[in-house]
Amino acid sequence: MTEITRYEKPPARPGHRRAFIHQGIGMKVALIISAIISLGFSAFASAAESGAANLTHHPVGYLAVAIFVIAYAFVMLEEKLHLRKSKPVLLAAGLIWFLVAGAAAMSGDTESANAALKHNLLEYSELLLFLLVAMTYINAMEERQLFDALRGWLVSKGFSYLSLFWITGLLAFFISPIADNLTTALLMCAVLMKVGEDSPRFIGLGCINIVIAANAGGAFSPFGDITTLMVWQKGVVEFTEFFRLFIPAAVNFLVPAVIMSFAVPSEPPKDASEPVIMKRGARRTVALFLLTITTAVLGHNFLHLPAVVGMMMGLAYLQFLGYYLRLSFKRSVARERVWAENHQNTRLLERLDKAVPFDVFNPMARTEWDTLLFFYGVVLCVGGLGYIGYLSEVSQILYYDWNATGANIAVGVISAIVDNIPVMFAVLSMEPDMSHGQWLLVTLTAGVGGSMLSIGSAAGVALMGQARGYYTIMSHLRWTPVVMLGYAASIATHMWLNASLF
């Protein structure tokens, strides 16, 4: 998770959101939609008269590309317009498939478009349920204050800025393979904001380091990013084979981190202490999450079941834990209250006064649905363009006219500008004939390429909101050459270590 994973937009300043919602935008959107619809009907007639199965050089194809480009322009301007990224791609997905189905029907084909759409929906539904379970577990851990306890422990230890720079980076690298890169980046950024409030330079450097580390850590695990999850579920890379990318991913993180560490402020941070008491069941939630991952991996590797079956089974584990916590809620609160009164722990007493039984559907309700709906729109948009024939042409240019290595390196660069989810889904839809080493290479480049720009990954976009004013596009851009050096070094390391796979 670019960074699938959970995206929390920071609270808007009073009146800030309303300033962007006015009649002018609404009128422009209405005009665009009406123009698309009117052009679409004329495109249907043109495509039908030609009777061509490939629509890449017909009005339907051109119009579909224009719709996707316009929609993605709105996605890239999300921070500026305060328009959730799911809205434009959901609309674009519907318009593209109406164009595709209309053109197919006009030429007498009423089945192929429907079959292609159902195939895309099946792929999306598996990923949707998988991510829903993973996000529910992460939200449950957050609700049980596991992440707050980790943050409080780090803050209370009195580390130097340089120590915190390395600790948050290393934690981001090793937590993101399990908790996804976006959630990990948000957690580590909260630590930076707490301990570095008197040093804007430290916060800026720390945020860049966290984005690089979280994206690199997510590249060597199926659970670290939506792109790696897609690769695993597609079956082109087995679960254990992802760990071949561990050293290249570590190089991608360490090269820029070592260089940036020389710019970290030398003065000691402000002393702070924020002890946090985890809620009951926090550790058991972590254990059940690991058991859920194990269930999904074993079912997929040995029984050839879709990984989502094991994940949904793991959701039952959490539900049974929630049932037990509700049954024993009153007894545990009474026991904790006696302990808190004996030790005069007023903070715990205040928390117990507000305590409510754990309900698994509360963490599920807090799932980042905007991200999941955005992914739906992307899958269907790319699927529609693939049905038209564009993916075949792009595949021909990248993987046959060029070579696989150059194409896969370019995928990482493109993912720094366009989100890595549609880029990776497009590659998987093309199904180029590549060696195992090349599939691992594109998994690596799509995962870490977004670190080159702050807008290149979900982690970077989220941290620009969380550390507003400290971490910006320009502050990241100043270190882009260093990040690119790490990108090149990770590719070279992979091609050297895993040369036998090419």
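The values are calculated or read from the model by the stated rules, or taken from the named source; none is laboratory data. Just so we're clear, the structure is a prediction, and the values are computed from it rather than from any experiment. A quick note on method: Cβ atoms are made from the backbone with ideal geometry, for glycine too, and the neighbour counts reach across all protein chains shown. Accessible surface areas use protein heavy atoms only, side chains included; no ligands, DNA or RNA. Shrake-Rupley method; radii C 1.70, N 1.55, O 1.52, S 1.80 Å.
Take the conditions of a type outside the set (Val, Ile, Thr), on the phi < 0 side of the Ramachandran plot, at pLDDT below 80 and open to solvent by less than 60 Å² (accessible area, probe 1.4 Å) and apply them to Ala71. Does it pass? Show your work before the answer.
Numbers: of a type outside the set (Val, Ile, Thr): yes; on the phi < 0 side of the Ramachandran plot: yes; at pLDDT below 80: no; open to solvent by less than 60 Å² (accessible area, probe 1.4 Å): yes.
No, not satisfied.
From the list Gly169, Gly158, which one is assigned to a loop (DSSP other than H, G, I, E, B) and out of contact with any Cys (no Cβ under 7 Å at 6 or more places or on another chain)? Outline the logic, then answer.
Numbers: Gly169 fails: assigned to a loop (DSSP other than H, G, I, E, B).
Exactly one residue qualifies, and that residue is Gly158.
Of Gly218, Gly235, which residue is farther than 23 Å from Trp479 by Cβ and of a type outside the set (Phe, Trp, Tyr)?
Details: Gly218 fails: farther than 23 Å from Trp479 by Cβ.
Among Gly218, Gly235, only Gly235 is farther than 23 Å from Trp479 by Cβ and of a type outside the set (Phe, Trp, Tyr).
Mind checking which helices (runs of 4 or more DSSP H) fall wholly inside the stretch 76-147 and carry at least 2 residues that are surrounded by 18 or more Cβ atoms within 10 Å (Cβ to Cβ)?
Numbers: elements: 78-81, 86-106, 112-143.
Because the criterion is at least 2 residues that are surrounded by 18 or more Cβ atoms within 10 Å (Cβ to Cβ), the helices (runs of 4 or more DSSP H) in the stretch 76-147 that meet it are 86-106, 112-143.
Residues in the stretch 396-412 that are more than 17 Å from the chain's Cα centre (by Cα) and either open to solvent by 40 Å² or more (accessible area, probe 1.4 Å) or closer than 30 Å to Val133 by Cα (or both): how many?
In the first step, residues of the stretch 396-412 are kept if they are more than 17 Å from the chain's Cα centre (by Cα); the result is 396-410.
Keeping just the survivors that are either open to solvent by 40 Å² or more (accessible area, probe 1.4 Å) or closer than 30 Å to Val133 by Cα (or both) gives 396-397, 400-403, 409.
Final tally of qualifying residues: 7.
Cβ-Cβ distance below 6 Å, separation of 6 or more or different chains: which pairs start in the stretch 380-396 with a residue that is farther than 14 Å from Val423 by Cβ and end on one that is part of a helix (DSSP H, G or I) and not polar (S, T, N, Q)?
Partner pairs satisfying both residue conditions: Leu380/Ala93; Gly384/Ile96; Gly384/Trp97; Gly384/Val100; Tyr387/Val100; Tyr387/Ala116; Ile388/Gly61; Ile388/Ala64.
Scan the stretch 469-496 residue by residue and report those that are under 20 Å from the mean Cα position of the chain (by Cα) and modelled with pLDDT under 80.
As a first pass, look at the stretch 469-496 and keep what is under 20 Å from the mean Cα position of the chain (by Cα): 471-473, 476, 483, 487.
Passing the criteria: only Ile473.
So that you can scan it fast, the table gives a plain yes or no per residue for (1) in contact with a helix residue (DSSP H, G or I) (Cβ under 7 Å, 6 or more places away or on another chain); (2) open to solvent by less than 10 Å² (accessible area, probe 1.4 Å):
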| residue | (1), (2) |
| --- | --- |
| Ile417 | no, no |
| Glu431 | no, no |
| His436 | yes, no |
| Gly449 | yes, yes |
| Ser457 | yes, yes |
| Ala467 | yes, yes |
| Tyr470 | yes, no |
| Thr480 | yes, no |
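Of all helices (runs of 4 or more DSSP H) completely enclosed by the stretch 319-395, which ones contain at least 1 residues that are farther than 30 Å from Phe68 by Cα and either at pLDDT 85 or above or open to solvent by 100 Å² or more (accessible area, probe 1.4 Å) (or both)?
Working: elements: 329-342, 346-353, 361-365, 369-388.
Here the list reads 329-342, 346-353, 361-365.
Condition check: in contact with a Ser or Thr (Cβ under 9 Å, 6 or more places away or on another chain) and not β-branched (Val, Ile, Thr). Does Gln396 satisfy that? Working first, answer last.
Values: in contact with a Ser or Thr (Cβ under 9 Å, 6 or more places away or on another chain): no; not β-branched (Val, Ile, Thr): yes.
It is false that Gln396 is in contact with a Ser or Thr (Cβ under 9 Å, 6 or more places away or on another chain) and not β-branched (Val, Ile, Thr).
A quick yes/no check of all residues on (1) part of a loop (DSSP other than H, G, I, E, B); (2) more than 23 Å from Glu123 (Cα to Cα); (3) out of contact with any Lys or Arg (no Cβ under 6 Å at 6 or more places or on another chain):
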{"site": "Met424", "(1), (2), (3)": "no, no, yes"}
{"site": "Val442", "(1), (2), (3)": "no, no, yes"}
{"site": "Gly447", "(1), (2), (3)": "no, no, yes"}
{"site": "Gly450", "(1), (2), (3)": "no, yes, yes"}
{"site": "Arg468", "(1), (2), (3)": "yes, yes, yes"}
{"site": "Met484", "(1), (2), (3)": "no, yes, yes"}
